[in-house]
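Below is one structure, written out as structure tokens, with a few remarks after it.
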Amino acid sequence: MFAVIHRRPLAVLLLLVLAGAFLMRPALAGDSVTFALFTRGWPPLEMVVDGEPRGAALDIFRVSMPEDAETFVLMLPASRSVLRTPGDRVYTRLECREWMGNADLYLWSDPVLRLRTVLLSRRNRPVEYRGESSLHNLTIGCIKSYNYPDVEPLFESGKAYRYDVNSDVVLLRMLKAGRVDVALFDEFTVRWVLRSSPELSVEDFYVSKRELGSSELRFAFNRHPGWASRLPEINERIRINRAAGVYREIMAHY
């Protein structure tokens, strides 16, 4: 009995020490991962609705991360900034490698979605894209600060004219009114805008059968210590989701 009485306090003390050490330990890669959402919006992938984060990118994010990782969302006007800092938290976004300067600074998943750039014109004045020459002397509506690699040489040579606006809806209005000849969009965004706007209809526009280019959306992560070891697991989840049509189903809702 004497030995038992003395062992109980010792066991309790040991448990308290272990619990304290667990609570004070550094965050391990895999504890959590945070999606950095662009508050200016990229519908339907990233949106803020009544102050709450929404969008297809968040649905894709949640079904792609490891099961043992808690998922969070952080809304930021400069959302890419958190990817540049190793830090003590794991951050991610859906991005294309060619959009990011110094892409090797980040950790990248396998491709998640193929993002197509499509050419829109007015229904009564359709323009079919057949190569650069089909855009000569046209005024092409673009979103300000966006890069369009397949047509940038036309702008630089003066063979076509770039007209920038800040809003997808405004750009479609301008195209409908004939203030630009054609406009460039990613296929997901233009479909969402046409579905959501009461003043615009798919019947107003013609979509060229040939795309102007495409990019692969991937998860870009900041270089958190140890997170690279989780990429094979994430890539396997992406592979399974793609094969099962999970991402196609998510995008169909938008």
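What accessible area per residue comes out for the range 144-207, rounded to a whole number of Å², with a 1.4 Å probe?
Ligands and nucleic acids excluded, the figure is 54 Å² per residue.
Using a Cα-Cα cut-off of under 21 Å, which lysines could be cross-linked to residue 209, ignoring same-chain neighbours fewer than 8 residues away?
Straight-line reach from residue 209, under 21 Å: 176.
Which of the aspartates and glutamates could a cross-linker bridge to residue 144, judged by Cα under 15 Å and excluding same-chain residues fewer than eight apart?
Counting by Cα, and skipping residues close in sequence, residue 144 has these aspartates and glutamates nearby: 152, 164, 168, 186.
With every protein chain left in place and a probe of 1.4 Å, what is the accessible surface of residue 114, to the nearest 10 Å²?
Result for residue 114: roughly 100 Å² accessible.
Using a Förster distance of 30 Å, how high is the FRET efficiency between residue 81 and residue 216, based on the Cβ-Cβ distance and rounded to 0.05?
0.85
Scan around residue 119 for amide H atoms under 5 Å from its own, H built in the peptide plane at 1.01 Å from N, and keep only partners 5 or more places away or cross-chain.
208, 212
Residue by residue through the range 70-86, which ³J(HN,Hα) values in whole Hz follow from phi under the Karplus form 6.51 cos²θ - 1.76 cosθ + 1.60 (θ = phi - 60°), with glycine and proline marked x?
Result, rounded to whole Hz: 5, 10, 9, 10, 10, 8, 9, x, 10, 5, 6, 4, 6, 6, 8, 10, x.
Which value in Å does the Kirkwood hydrodynamic radius of the range 50-189 take, with 1/r averaged over all unlike C-alpha pairs and then inverted?
17.8 Å
How large a share of the accessible area of the chain, in percent, is made up of carbon and sulfur atoms when the probe is 1.4 Å and the other protein chains stay in place?
Percent of accessible area from carbon and sulfur atoms in the chain: 55.
Rounded to the nearest 0.05, what FRET efficiency is calculated for residue 253 and residue 137 with R0 set to 41 Å and r the Cβ-Cβ distance?
It comes to 0.55.
Taking the convex hull of the Cα atoms, report for the range 140-237 its projected area averaged over all directions, in nm².
9.2 nm²
Could you list the GluC sites (Glu not before Pro) in the range 180-229 that lie in coil according to DSSP, counting only those with at most 11 other Cβ atoms within 10 Å of their Cβ?
Sites meeting the loop and neighbour criteria: 199.
Rounded to the nearest 500 deg cm²/dmol, what is the calculated helix-only ellipticity per residue at 222 nm for the chain, with -39500 (n - 2.57) per DSSP H run of length n ≥ 4?
It lands at -9500 deg cm²/dmol.
Can you tell me the orientation of helix 187-196 relative to the chain, as the angle in degrees between its alpha-carbon axis and the longest Cα principal axis, to the nearest 10?
Compared with the principal axis, the helix lies near 80 degrees.
Could you work out, for the range 54-101, what percent of all Cα-Cα pairs fall into each 10 Å distance bin, beginning at 0 Å and stopping at the bin that holds the largest distance?
For the range 54-101, the binned pair fractions read 20, 55, 25, 0 percent.
Give the Cα extents of the range 76-127 along the principal axes, in whole Å, largest first.
That works out to 55, 26, 18 Å along the principal axes.
The values are calculated or read from the model by the stated rules, or taken from the named source; none is laboratory data. Just so we're clear, the structure is a prediction, and the values are computed from it rather than from any experiment. As a convention, Cβ positions derive from the backbone with ideal geometry for all residues, glycine included, and neighbour counts pool all protein chains shown. Just the protein is used for accessible areas: all its heavy atoms, side chains included, with ligands, DNA and RNA removed. Shrake-Rupley method; radii C 1.70, N 1.55, O 1.52, S 1.80 Å.
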